[in-house]
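Let me begin by presenting the structure, written as structure tokens, before commenting on it.
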Amino acid sequence: MRSRRARRLGMLTAIQQLSVDGRDGVTAAREGALARLRPVAMMALVASLGFLPTALGRGAGAEVQKPLATVVAGS
């Protein structure tokens, strides 16, 4: 919950800064959202890709770890 608040606060701060720099509200909101989208998308992609070896793995313990990895990598 705290990380969601931090992301929202970071986005709002970026939008406010762009607005103070002289951009209108719509442009500031668009640029601020795009600036924050890349780090969030990269984090989600890396987390999903990190679970792929576990989701596709075989061997001892794979039957226990595979369902969790499949859910995390698929979401």
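About its Cα centre, the dipole of the chain is roughly 180 debye, where the only charges are +1 on Lys and Arg Cβ and -1 on Asp and Glu Cβ.
Calculated FRET efficiency, M42 to V20, Cβ-Cβ distance, R0 = 30 Å: about 0.65 to the nearest 0.05. Shown is the FRET efficiency for L49 and L12, computed with R0 = 35 Å from the Cβ-Cβ distance and rounded to the nearest 0.05: 0.75. Contact order normalised by length for the chain, with contacts defined as Cα pairs under 8 Å and 6 or more residues apart; what percent is it? Rounded, it is 23 percent for the chain.
3J(HN,Hα) along segment 62-69, derived from phi through the Karplus expression 6.51 cos²θ - 1.76 cosθ + 1.60 where θ = phi - 60°, amounts to 5, 5, 8, 7, 4, x, 5, 5 Hz, with x in place of Gly and Pro. Estimated from helices alone, the mean residue ellipticity of the chain at 222 nm is -29500 deg cm²/dmol (sum of -39500 (n - 2.57) over DSSP H runs with n ≥ 4, per residue). A69 sits among other residues whose Cβ lies under 13 Å from its own Cβ, and their net charge, with Lys and Arg +1 and Asp and Glu -1, is +1.
Just so you know, all these numbers are worked out from the coordinates, no wet-lab data involved. Everything numeric here is computed off the predicted structure, so don't read it as measured data. All Cβ positions, even for glycine, are placed from backbone atoms using ideal geometry, and neighbour counts span all protein chains on display.
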